[in-house]
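Trainee: Can you read through this structure? Questions will come right after.
The values are calculated or read from the model by the stated rules, or taken from the named source; none is laboratory data. Quick caveat: nothing in here was measured; it's all calculated off a predicted structure. Don't worry about glycine lacking a Cβ; one is built from the backbone with ideal geometry, like all the others, and counts go over all protein chains shown. Accessible surface is based on the protein model in full, side chains and every heavy atom, while ligands, DNA and RNA are left aside. Shrake-Rupley method; radii C 1.70, N 1.55, O 1.52, S 1.80 Å.
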Amino acid sequence: MTVQLGMPPTPTTPPRRASRQLMVGRVPVGGDAPVSVQSMTTTVTADVNATLQQIAELTAAGCQIVRVAVPSQDDADALPALAAKSPVPLIADIHFQPKYVFAAIDAGCAAVRVNPGNIKAFDDRVREIADAAAAARVPVRIGVNAGSLDKRLLAKHGRATPAALVESALWECSLFEEHGFRDLKISVKHHDPMTMITAYRMLARACDYPLHLGVTEAGPAFQGTIKSAVAFGVLLAEGIGDTIRVSLSAPPVEEVRVGEQILQSLGLRPRHLEIVSCPSCGRAQVDVYRLTDQVTAALEGFPHPLRVAVMGCVVNGPGEAREADLGVAAGNGKGQIFVRGEVIRTVPESKIVETLVEEAVRLAGESTEAGASAETGESTETGESTETGESTETTEIRDSTETAETREGAAS
């Protein structure tokens, strides 16, 4: 049991859109299932060891479903080993060659993503695909992209409009429905957030299939993060969306981190560490940027929900620090340390990071003890060091502080 330390209450969001539920491996998608985070490997899929290594990194970052590209026979041949060893459900991403759809199903992949716009004679193979997927209980994602829309729909609509994207998706779904197959998930991705938002709103009104959100080709990390956060924020706040993938021109682990943070910001994931810090201004009497970076580095990976305020002036600093679980209002070479709204001490600027970490560890210990008592009525000694009495988590956080301070000393 986790005892909340004072995070802001979860915001009230509209009810989730009612969608049918399907299973991607062991992960439920749609219905009342939580929104899941996906990403895609950047390795050559045929390189099994490299691909499994990247899947492990994505899983550690919080990714729940991973997609791999299957553009060649060598990649298809690697799917059985990847599906068997992946710690999270594996989706095969198929383009151009319908034969790889069947290879992915036979390999034990948890789902298959197809792009009807660029698979040769796809409509003529729907019955075979539906029969094979149904027999293996493998769901299919109909992935419509603005950059590879069916030429017939481009001719009809003139460009990849929201209506064109939605018409393509629903047409392909209807072909599967003719054969009694409805384990479908849909995406209608576009690089423009407003076009993408409009398309998903239209799609949400037109069907009850679970929807996978994505701003495709969103761009480099900064731009892509902003575009994805805007689009996902609008749709998820309206209850639209069952899985998400943040598409960035950056390492895929960054996609997962951004996706997780978006869900936490919307109250769709339990919040963990949250740093509240001022943007700095002429009133600041401390290097807020440097101090915030130090605190963030020192508390990276902190395993408990905690809101930490790092403030640099007397105008908003004390008030923001009081509202957090833990905070500092810094200036004139020192910092007032706040814990749950109360000033507990004033320390030199050089001791601010160290003190905040100590207090964070202490609060986490109280949270753990309270949780154990609530569950068993007794205190717990799980994870304690036999010599120091500190938990493993405490030691890790202290180590991270020392590492951060060592880096800072080297930099200076």
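Trainee: Test GLY108 against the criterion of being small (Gly, Ala, Ser) and at pLDDT below 95, and give yes or no.
Mentor: Working: small (Gly, Ala, Ser): yes; at pLDDT below 95: no.
In short, no.
Trainee: Condition first: surrounded by 21 or more Cβ atoms within 10 Å (Cβ to Cβ) and not in a helix (DSSP H, G or I). Now tell me which residues in segment 217-231 satisfy that. Explain how you work it out, then say what you get.
Mentor: Here is the first cut: in segment 217-231, the residues surrounded by 21 or more Cβ atoms within 10 Å (Cβ to Cβ) are 218, 224-225, 227-228, 231.
Correct list: ALA218 only.
Trainee: Something else now. With ALA18, ALA56 as the choices, which residue is part of a helix (DSSP H, G or I) and either modelled with pLDDT under 95 or open to solvent by 30 Å² or more (accessible area, probe 1.4 Å) (or both)? Before the answer, list the steps.
Mentor: Working: ALA18 fails: part of a helix (DSSP H, G or I).
Going through ALA18, ALA56 in turn, just one is part of a helix (DSSP H, G or I) and either modelled with pLDDT under 95 or open to solvent by 30 Å² or more (accessible area, probe 1.4 Å) (or both): ALA56.
Here's the yes/no breakdown for (1) in a strand (DSSP E or B); (2) under 24 Å from SER265 (Cβ atoms); (3) at pLDDT 80 or above:
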position: VAL308; (1), (2), (3): yes, yes, yes
position: GLN336; (1), (2), (3): yes, no, yes
position: ILE352; (1), (2), (3): no, no, yes
position: GLU358; (1), (2), (3): no, no, yes
position: VAL361; (1), (2), (3): no, no, yes
position: GLU369; (1), (2), (3): no, no, no
position: SER379; (1), (2), (3): no, no, no
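Trainee: Applying the selection to segment 311-342, what residues are under 29 Å from the mean Cα position of the chain (by Cα), touching a residue at least 40 places away in the same chain (Cβ under 8 Å) and open to solvent by less than 10 Å² (accessible area, probe 1.4 Å)?
Mentor: ALA324, ASP325, GLY327
Trainee: Please verify whether ALA81 is under 25 Å from VAL44 (Cα atoms), hydrophobic (A, V, I, L, M, F, W, C) and not in a loop (DSSP other than H, G, I, E, B), treating the condition exactly as stated.
Mentor: Numbers: under 25 Å from VAL44 (Cα atoms): yes; hydrophobic (A, V, I, L, M, F, W, C): yes; not in a loop (DSSP other than H, G, I, E, B): yes.
Spelling it out, ALA81 is indeed under 25 Å from VAL44 (Cα atoms), hydrophobic (A, V, I, L, M, F, W, C) and not in a loop (DSSP other than H, G, I, E, B).
Trainee: Just the residues that are outside any loop (DSSP other than H, G, I, E, B), within 20 Å of the chain's Cα centre (by Cα) and in contact (Cβ under 8 Å) with a residue 60 or more places away in the chain, please, taken from segment 260-296.
Mentor: GLU260, LEU263, GLU274, listed by residue number.
Trainee: May I pose another question? Which of the numbered conditions does VAL88 fail, given that it passes all the others? Conditions: (1) β-branched (Val, Ile, Thr); (2) in a strand (DSSP E or B); (3) under 19 Å from the mean Cα position of the chain (by Cα).
Mentor: Result: VAL88 passes all but (2).
Trainee: Kindly check whether there is at least one residue in segment 203-214 that is surrounded by fewer than 21 Cβ atoms within 10 Å (Cβ to Cβ) and among the acidic types (Asp, Glu).
Mentor: Yes, there is a match, as at least one residue in segment 203-214 is surrounded by fewer than 21 Cβ atoms within 10 Å (Cβ to Cβ) and among the acidic types (Asp, Glu).
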